[in-house]
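**Q** What follows is a structure written as structure tokens; I'll ask about it next.
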Amino acid sequence: MSHFDTLETRSQDEREAGQLTLLNGLLEQQGQRPLDNLSGLASLPVLRKAELSERQKARPPFGGLPVGDIVHYFQSPGPIYEPGGVSHDWWRMGRFLHALGVGRGDIVHNCFGYHLTPAGMIFENGARAVGAAILPAGTGQTELQVRAAADIGSTVYAGTPDYLKIILEKADELGERLKINRAAVSGGALFPSLRQYYADRGISCLQVYATAELGNIAYESPAMEGLIMDEGVIVEIVRPGSDRPVPDGEVGEVVVTSLNPDYPLIRFATGDLSAILPGTSPCGRSNRRIKGWMGRADQTTKIKGMFVRPEQVAQLVARHDEIARARVVASREGEMDIMTVQIETRATNPALYEPSIVATLKMRAHVELLPPGALPNDGKVIEDRRSYE
């Protein structure tokens, strides 16, 4: 199958040069200085959802961020408001649907929500970009969903990974044989057993990582070896609670810069954990890949009645050049909370770090010194080992 466009197969040098040109144009529009290279992004602040929400409260609806040619206003939980457009592939979902083999002659049974949140329109816009027709099914009323899918001949499902199984089981119960043979899923975990269930029924199932603010971030191809970064975004992986990128392969928070001229977001933190995969996909798409969703980056935990946040752990690490990584571990002895700070360092004296721990974490802790590389590569900077049962 041919690729969606030539952007998918360009060299990484061509990609970075093109992205840098687009990014500098957006920065100039916002009165910011241009960057010499994409690594300069690390010098710019990260925009987190909590900050965006506060900005929007102060300057509704979009917090004073630049917004171009839009026709939709959406509301996601928070609330956070997102703009939406209808120009060709505004959310860049067509690239993913094309990888799934969706095109003219297909009918997309779109089970993403159309009420307030943008997911339904994101996938509808993508289906239009590849020439497919759409049944705006939304969520619920499963029996009616089966009736409609059977009557019009839906060939592609779009929705959360688990809802298609419910539709298929209802179809079996009603004695209906559906024509759905591909599934575009997002918004939940796609477990291997569920993917195999669909495969056993002749349904090819691929997943896309997308958000309401950014649209398509990364997507699977038929190779199913990681998620390929979309061409319209720049993806960084940063240490949770900080602005600093981590080395490739290390788990951290996904931070995305959107090159959408109608709604450019610079270094927007998704709150999700992932890691960069080495190499490129065997499908021929040359962009970098991420492993997929690996948990949440916001690991805020209350210890001894006080909140400890990832940002505080990042502040501790920043105070000492010799610290590679650090992790706060919450445990209990009897009815008492215990906080242990594990520090990757070649230093041998725990007392060296006690003043910094009190200054950044606001309480004393047991200090455990570990050799560099000893902490698990799971993105955790706060681990809660307490049992709440």
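The values are calculated or read from the model by the stated rules, or taken from the named source; none is laboratory data. The model shown is predicted, which means the values in this text are computed figures rather than measured ones. Please note: Cβ atoms are built from the backbone with ideal geometry, for glycine as well, and neighbour counts cover all protein chains shown. In case anyone asks, the SASA skips ligands and DNA or RNA and just uses the protein heavy atoms, side chains included. Shrake-Rupley method; radii C 1.70, N 1.55, O 1.52, S 1.80 Å.
**Q** Being in contact with a helix residue (DSSP H, G or I) (Cβ under 9 Å, 6 or more places away or on another chain) and modelled with pLDDT of 95 or more, is that true of even one residue in segment 50-62?
**A** Yes, there is a match, as at least one residue in segment 50-62 is in contact with a helix residue (DSSP H, G or I) (Cβ under 9 Å, 6 or more places away or on another chain) and modelled with pLDDT of 95 or more.
**Q** Looking at Ser53, Ser39, can you tell me which residue is touching a Pro at 6+ places or on another chain (Cβ under 9 Å), among the small types (Gly, Ala, Ser), part of a helix (DSSP H, G or I) and open to solvent by 80 Å² or more (accessible area, probe 1.4 Å)?
**A** Only one candidate qualifies: Ser39.
**Q** Let me ask something additional. Sort through Gly202, Gly215 and tell me the only one that's among the small types (Gly, Ala, Ser) and under 12 Å from the mean Cα position of the chain (by Cα).
**A** Result of the check over Gly202, Gly215: Gly215.
**Q** Given (1) of a type in the set (D, E, K, R); (2) assigned to a loop (DSSP other than H, G, I, E, B); (3) more than 27 Å from Ser274 (Cβ to Cβ); (4) touching a residue at least 40 places away in the same chain (Cβ under 8 Å), identify the lone condition not met by Asp337.
**A** (2)
**Q** Taking the condition under 15 Å from Phe112 (Cβ atoms), modelled with pLDDT of 95 or more, of a type outside the set (S, T, N, Q) and open to solvent by 30 Å² or more (accessible area, probe 1.4 Å), does Leu135 pass? Step through it out loud before you land on a result.
**A** On the way: under 15 Å from Phe112 (Cβ atoms): yes; modelled with pLDDT of 95 or more: yes; of a type outside the set (S, T, N, Q): yes; open to solvent by 30 Å² or more (accessible area, probe 1.4 Å): yes.
So Leu135 passes the test.
**Q** Could you list, in sequence order, the residues of segment 1-31 that are within 25 Å of Ser242 (Cα to Cα) and surrounded by 13 or more Cβ atoms within 10 Å (Cβ to Cβ)?
**A** Glu16, Gln19, Leu20, Leu23, Asn24, Leu26, Leu27
**Q** Would you call Ala99 in contact (Cβ under 8 Å) with a residue 12 or more places away in the chain, touching a Ser or Thr at 6+ places or on another chain (Cβ under 8 Å) and of a type in the set (A, V, I, L, M, F, W, C)?
**A** Criteria met by Ala99.
**Q** Given the criterion in contact with a Gly (Cβ under 9 Å, 6 or more places away or on another chain), touching a residue at least 12 places away in the same chain (Cβ under 8 Å) and open to solvent by less than 10 Å² (accessible area, probe 1.4 Å), identify the matching residue among Pro245, Pro278, Pro222, Pro240.
**A** Pro240 is the lone residue from the list that is in contact with a Gly (Cβ under 9 Å, 6 or more places away or on another chain), touching a residue at least 12 places away in the same chain (Cβ under 8 Å) and open to solvent by less than 10 Å² (accessible area, probe 1.4 Å).
**Q** With respect to the numbered conditions (1) under 17 Å from Pro264 (Cβ atoms); (2) in contact with a Leu (Cβ under 9 Å, 6 or more places away or on another chain), which one is the sole condition not fulfilled by Met224?
**A** Status for Met224: all satisfied but (1).
**Q** Determine whether Pro350 is over 30 Å from Val185 (Cα atoms) and open to solvent by 80 Å² or more (accessible area, probe 1.4 Å).
**A** Considered against the rule, which asks whether it is over 30 Å from Val185 (Cα atoms) and open to solvent by 80 Å² or more (accessible area, probe 1.4 Å), Pro350 comes out as no.
**Q** Further, regarding this structure: May I ask you to verify whether Asp298 is at pLDDT below 95 and touching a Lys or Arg at 6+ places or on another chain (Cβ under 7 Å)?
**A** Answer is no for this residue.
Conditions (1) of a type in the set (Ser, Thr, Tyr); (2) without any contact (Cβ under 8 Å) to a residue 24 or more places away in the chain; (3) under 15 Å from Leu259 (Cα atoms), marked per residue:
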site	(1), (2), (3)
Phe4	no, no, no
Ser11	yes, no, no
Glu14	no, yes, no
Arg33	no, yes, no
Ser43	yes, yes, no
Lys49	no, no, no
Glu54	no, yes, no
Gly68	no, no, yes
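**Q** Considering only residues of segment 317-339 that are closer than 14 Å to Met363 by Cβ and among the aliphatic types (A, V, I, L, M), which is modelled with the lowest pLDDT?
**A** It comes out as Met336.
**Q** Anything in segment 295-313 that is under 17 Å from Thr360 (Cβ atoms) and free of Cβ contacts under 8 Å to residues at least 40 places away in the same chain? List them, or say none.
**A** First pass over segment 295-313, keeping only residues under 17 Å from Thr360 (Cβ atoms): 299-304, 306-313.
Once the filter is applied, which keeps residues that are under 17 Å from Thr360 (Cβ atoms) and free of Cβ contacts under 8 Å to residues at least 40 places away in the same chain, segment 295-313 yields Lys302, Phe307.
**Q** Please verify whether segment 163-185 includes one or more residues that are open to solvent by less than 50 Å² (accessible area, probe 1.4 Å), under 16 Å from the mean Cα position of the chain (by Cα) and of a type outside the set (A, V, I, L, M).
**A** Checked segment 163-185: no residue is open to solvent by less than 50 Å² (accessible area, probe 1.4 Å), under 16 Å from the mean Cα position of the chain (by Cα) and of a type outside the set (A, V, I, L, M).
**Q** What's the total number of residues in segment 340-380 that are among the acidic types (Asp, Glu) and in a loop (DSSP other than H, G, I, E, B)? Let's see the steps before the verdict.
**A** The first filter runs over segment 340-380 and keeps only residues among the acidic types (Asp, Glu), leaving 344, 354, 368, 378.
Retained after the next criterion (residues that are in a loop (DSSP other than H, G, I, E, B)): 378.
Matching residues across segment 340-380 total 1.
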